[in-house]
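**Student:** I have a structure here, written as structure tokens, and I will follow up with some questions on it.
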Amino acid sequence: MGELRTTASTCCYCGVGCGVLIDSDGERIVGVRGDPDHPANAGKLCSKGLSLALTAQSDAGRALLPSWRPRRGEALQPIGWDEAYDHVAARLAAIVRRHGPDAVAFYVSGQLLTEDYYVFNKLAKGLVGTNNIDTNSRLCMSSAVTGYKLALGADGPPTCYEDLDHARTVLLAGSNMAYAHPVLYRRLEAARAADPEVRWIVVDPRRTDTAAMADLHLQIQPGTDVALFNGMLHHLIWEGWLDPAHIGLHTEGFDEVKRLVRDMPPAAAAALCGIREQDLCQAAEWFARSPASLSLYCMGLNQSSHGTDKNLALINLHLATGQIGRPGAGPFSLTGQPNAMGGREVGGMATMLAAHRDIGNAAHREEVAAFWQVGDLSARPGLTAVDMFDALADGQVKAVWITCTNPVHSLPNIEVVRKALRQAELVIVQEAYADTDTVAYADVLLPAASWGEKEGTVTNSERRISRVRPAVAPPGQARADWRIAADVGRRMQALLKPGTPELFPYTGPREIFDEHRALTVGRDLDIGGLDYALLDAAGPQQWPLPAGQVRGQARRYTDHRYATASGKARFQPTPYRPVAVATSARYPFHLTTGRLRDQWHGMSRTGRVARAFSHAPEPTLDMHPDDAARRGLAEGDLVRVASRDGQLVLPLRLTDELPSGSLFAAMHWSGRFMNSGGINEISNAAVDAKSFQPELKHSAVRVEKAELGWRVRAAILVADQRDMVERRSRLQSLLSACGYASLGLRGDESRAALALTAALAAPDEAWLAALAAALGMDASPDVLEYQDRRQGVRKCARWRSERLDAFLLAGDAAHADALAQRLLDPAPWTGSRLRVFTPDAAPAVRDRVVCQCKSVSESAIHAAVARGADVAALKSTLGCGTVCGSCVPELTRMCGGARLSA
Ligand SMILES: Nc1nc2c(c(=O)[nH]1)N[C@H]1C(S)=C(S)[C@@H](COP(=O)(O)OP(=O)(O)OC[C@H]3O[C@@H](n4cnc5c(=O)[nH]c(N)nc54)[C@H](O)[C@@H]3O)O[C@H]1N2
Ligand SMILES: Nc1nc2c(c(=O)[nH]1)N[C@H]1C(S)=C(S)[C@@H](COP(=O)(O)OP(=O)(O)OC[C@H]3O[C@@H](n4cnc5c(=O)[nH]c(N)nc54)[C@H](O)[C@@H]3O)O[C@H]1N2
Ligand code: SF4
Ligand SMILES: [Mo]
């Protein structure tokens, strides 16, 4: 152990891009705090940022050694780095020689650092000569990119975080900011607290915690945003609430849009959206007549088969009212991942080139080719994410290199992705963790250094570039992503283009950044004046920052000269079109998907932290109580939800947050935590025609009761993360035999348990024996057991030093919640152990934890509210909401303080 030291870096989760201070002892990260000097967060962190130290504290479960699978179906075996590099380079080069460059594809991630991204892009486009490099940002930001480019002439938001303080009307469309961008949400809350006249309009089919705080919630039918925005524009034109000067001087194409929205009067739009006409008109008025209107939008707009049009229809409203280029006004697309923006800057996607250049533009191709000193670049558009995996499945593409993303969980219709990876000749997976759903398909696993261990830069939602710095060395032999790509690149260059100028001479990320910024000079995102030295001396900076300037530009288009050839912004006609897969008699429900407050995507990191499960312990399918009643379904029932593409079983949760006819499921549970691959077993792969972004926010599904009569619940205390990871991998192998199963953590870092919920159609003794063995129930004298084979009932409990330490209830799991609670109670067991099997062993409450930081439960808050507490009183008496503040929206709602009445 060395001396305690602090490293300033950036959170690796969402696009807010909060600055963090990492405390480490030289070997281990021991704490993470918000960086008070970082302009994105001024010291604040949300629940995910605050749990970073816990996710990074152990190398258990990490990918530590390069490894390969000698034959499909066999286990991965460790090999040396040189061997791995040579193998990958030789096989990729052979495939390129045999089938051409387009037989190889790269699938990368908005969670890579800019420098990592840059090298992969150069490897694909500069060396291999293919544009088949796409990223998970295709599932996330591509509709926003297309929208900005079509309307404003260039990618990237015109706005900055300060606009959240200045906006007087805030339109949140398809964004659950309270969960997905919590620190920015705090800032909005503060702005409204300072000025109660500030109005929020939320457009979301669900009454999320964000929507509940709105002054006006437009609870639209999923996928009808374009109708809403067109209807609002119609109303503005009718009322004359436009900015004719802005339209006349700074835009083109208004007349065509005006003609188009003539057919969408508010009454028609409201009917399509399923909202009241007067609410639509109210929203239009607040938006147009406010001194400053800011729209904040995210996946509810982008993840749609007409996501580009949703973006454009919203931008049309800004252009028509001149709500852009001023403090507090503008269309602000929130980025999801920490470096979704950086990936766009380096052009690391199948449809773009470095520094916002276009593949289809010969001059752009020449500029980049000349800079890289490669002969020319391919003019053939690359395969975008969904098409890439389809092309692998049908054998057109032979090899794929997947880095920092988990497509067997996050792409739509994952059965096709599995098929693609089985079909591929070569699957390379570059991952920080050894056991994601995608690693199972790897022929070669390249262990990547992760957050806290790597160096480079990321760009957040407001175009601000921040440094990411290492606090500790990577575990095992893991290496930085840029380095792995460059090392393989050098070998491939020797094989494919010997004697050409070296493409990957880098010894560190600084040189890569310098190369990247040189390519931006003269472009809209010019960062010719920015280098690591300036970032280190003056802190994070926004682009553009051309040479000669010392500070980045906060707001763009303040002179209303846009980035188009004419300098005018372009109104785009956006006719309303329905969702790609309509509901029908056979598939009557709209299913939408999204995020939970405390989990991150496939949970490779947050799934290691017990507290992260306390707010939502199990996967659920959310349904309106009326829909359930009509079908004879009740809370907690297991239901089979099926689309044309697949099916899975989920426990039902009843909530009136959704309108009747709509369903919701969180995206986070994957094959590591469930018996199925998660909700993308059933999502459809329809994509937007302009952005190629899939419609992850809508599928048509049906729901029926799953007849799985034999229920099993088990839980076991885990000593530490290593114990948890080992135990989980044993239990995981038992999940596939179940009709439904989920694994999760309970408790907190002082006492954590791994919990299994499973259901099978009928008792299965062999499976049960395997489960008991996996829990260590067979090996200990401290086990109490009850069995009734005829009924398929088996109950076991185990003690360690007078404390209950594991239980298994099969066939009769009625008081599993009570036992789970007892398990987490540090008090020794007193009295007869036989009481463990009697249902009154402890009060059977299933209590959600609302405040993660202070472990404050729902029942404690309800009790305090019943005694008259408001949010301030809850904070002072129970302590909830006083640390990260992520639960404050929910506390406000529980106190009846929501702006809207339910
Ligand atoms: N806690 C947490 N935060 C995260 C992440 C995470 O995994 N966990 N991931 C990050 C990433 S990569 C991203 S992209 C962002 C996503 O951030 P958000 O987009 O805010 O989050 P989602 O929950 O995916 O979707 C937002 C909302 O869209 C609504 N919606 C669904 N269909 C429609 C529709 O047709 N129209 C409208 N208007 N709304 C609709 C959903 O009901 C949902 O509430 O979050 C980032 N932040
Ligand atoms: N149904 C549905 N599906 C969705 C969405 C939805 O709303 N609904 N949202 C979509 C969106 S917006 C997104 S962004 C995607 C996200 O989907 P994914 O990209 O699959 O999400 P993650 O689980 O974050 O995957 C990142 C992987 O990188 C690994 N990793 C972490 N750090 C490093 C590193 O430094 N280097 C390397 N090489 N690996 C590392 C992590 O362990 C993890 O497995 O999901 C999409 N899928
Ligand atoms: S809001 Fe939370 S997840 Fe996003 S960057 Fe900040 S601390 Fe990280
Ligand atoms: Mo995302």
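The values are calculated or read from the model by the stated rules, or taken from the named source; none is laboratory data. Values in this document were obtained by computation on a predicted structure and should not be read as measured data. For neighbour counting, all protein chains shown are included, and Cβ atoms are generated from backbone atoms with ideal geometry for every residue, glycine included. Please note that ligands, DNA and RNA were not included when accessible areas were found on the heavy atoms of the full protein model with its side chains. Shrake-Rupley method; radii C 1.70, N 1.55, O 1.52, S 1.80 Å.
**Student:** Could you tell me how far the Cα centroid of segment 223-248 sits from the Cα centroid of segment 850-902, in Å?
**Tutor:** A separation of 39 Å, based on Cα centres.
**Student:** May I pose another question? For the pairs LYS125/LYS690; LYS48/LYS419; LYS44/LYS454; LYS122/LYS419; LYS48/LYS690, note any where the Cα-Cα span goes beyond 30 Å.
**Tutor:** LYS48/LYS419; LYS48/LYS690
**Student:** Between GLU704 and ASP778, what is the label-to-label distance in nm when each label sits 7 Å out along the Cα-to-Cβ direction?
**Tutor:** 3.7 nm
**Student:** Please work out the ratio of the alpha-carbon Rg of segment 849-894 to 2.2 N^0.38 Å and round it to two decimals.
**Tutor:** Values: Rg = 8.9 Å, N = 46, 2.2 N^0.38 = 9.4 Å.
In units of the 2.2 N^0.38 Å rule of thumb, it is 0.94.
**Student:** Output the antiparallel fraction of DSSP beta bridges having both residues in segment 297-439, as a percent to the nearest 5.
**Tutor:** Working: 2 of 8 bridges.
The antiparallel proportion sits near 25 percent.
**Student:** Given a Förster distance of 56 Å, report the FRET efficiency between ARG259 and THR655 from their Cβ-Cβ distance, rounded to the nearest 0.05.
**Tutor:** Numbers: r = 42 Å, r/R0 = 0.74.
For ARG259 and THR655, the calculated efficiency is 0.85.
**Student:** Let me ask you something else. Along Cα→Cβ, 7 Å out, is where each label goes; now give me the distance between the ones at ALA814 and ALA245 in nm to one decimal.
**Tutor:** 7.5 nm
**Student:** Another one. Need the full-extension length gain, ARG644 to ALA582, defined as separation in residues times 0.36 nm minus the C-alpha distance. One decimal, nm. Each step should come with its number before you reach the end.
**Tutor:** Values: separation 62, 0.36 × 62 = 22.32 nm, distance 1.13 nm.
Roughly 21.2 nm would be gained on extension.
**Student:** Okay, moving on. What FRET efficiency comes out for ARG97 versus VAL550 if R0 is 35 angstrom and r is the Cβ-Cβ distance? Round to the nearest 0.05.
**Tutor:** On the way: r = 49 Å, r/R0 = 1.41.
Approximately 0.10, to the nearest 0.05.
**Student:** Based on DSSP loop calls and a cut-off of at most 13 other Cβ atoms within 10 Å, the longest stretch of the chain free of exposed GluC sites (Glu not before Pro) is what?
**Tutor:** On the way: sites that count: GLU3, GLU27, GLU74, GLU197, GLU502, GLU635, GLU707, GLU802.
In short, 198-501.
**Student:** So how far, in whole Å, is the C-alpha centre of segment 377-402 from the one of segment 605-632?
**Tutor:** Between the Cα centres of segment 377-402 and segment 605-632 lies a distance of 36 Å.
**Student:** Check the straight Cα-Cα distances from LYS795 and name the lysines below 30 Å, setting aside those fewer than 8 residues away within the same chain.
**Tutor:** LYS705
**Student:** Could you tell me which of GLN791, MET724, PRO36 has its Cα farthest along the dipole of the chain towards the positive end, charges placed at Cβ (Lys, Arg +1; Asp, Glu -1), taken about the Cα centre?
**Tutor:** So the residue we want is GLN791.
**Student:** Å³ per residue of the Cα convex hull, for the chain? Write out the running numbers ahead of the final one.
**Tutor:** Working: hull volume 146.5 nm³, N = 902.
Taking only Cα atoms, the chain has a hull volume of 162 Å³ per residue.
**Student:** Please compute the net charge surrounding ALA354, taking Lys and Arg as +1 and Asp and Glu as -1 over other residues with Cβ under 10 Å from its Cβ. Intermediate values should be presented prior to the final figure.
**Tutor:** Numbers: positive: LYS122, LYS125, ARG357, ARG523; negative: GLU345, GLU367, GLU515.
In short, +1.
**Student:** Considering amide H positions built from the backbone, and no H for Pro or chain starts, which residues 5 or more places from LEU696, or on another chain, come under 5 Å of its amide H?
**Tutor:** SER304
**Student:** Calculate for the chain the 222 nm mean residue ellipticity that helices alone would give, adding -39,500 (n - 2.57) per DSSP H run of length 4 or more and normalising by residue count, nearest 500 deg cm²/dmol.
**Tutor:** Result for the chain: -9000 deg cm²/dmol, rounded to the nearest 500.
**Student:** Could you tell me what percent of the accessible area of the chain is made up of carbon and sulfur, with a 1.4 Å probe and every protein chain present? List each step's numbers first, then the result.
**Tutor:** Values: 15430 of 30630 Å².
Answer for the chain is 50 percent, counting heavy atoms of protein chains only.
**Student:** Can I ask one more? In segment 763-902, what is the volume of the convex hull around the alpha carbon atoms, normalised per residue and reported in Å³? Mind showing how you got there, number by number?
**Tutor:** Numbers: hull volume 23.7 nm³, N = 140.
Considering the Cα atoms of segment 763-902, their hull volume per residue is 169 Å³.
**Student:** Under a point-charge model restricted to the Cβ atoms of Lys and Arg (+1) and Asp and Glu (-1), what is the dipole moment magnitude of the chain relative to its Cα centre, in debye to the nearest 20? Don't skip to the answer; put the middle values down first.
**Tutor:** On the way: 99 positive and 100 negative charges, 130 e Å.
Around 620 debye, computed over the chain.
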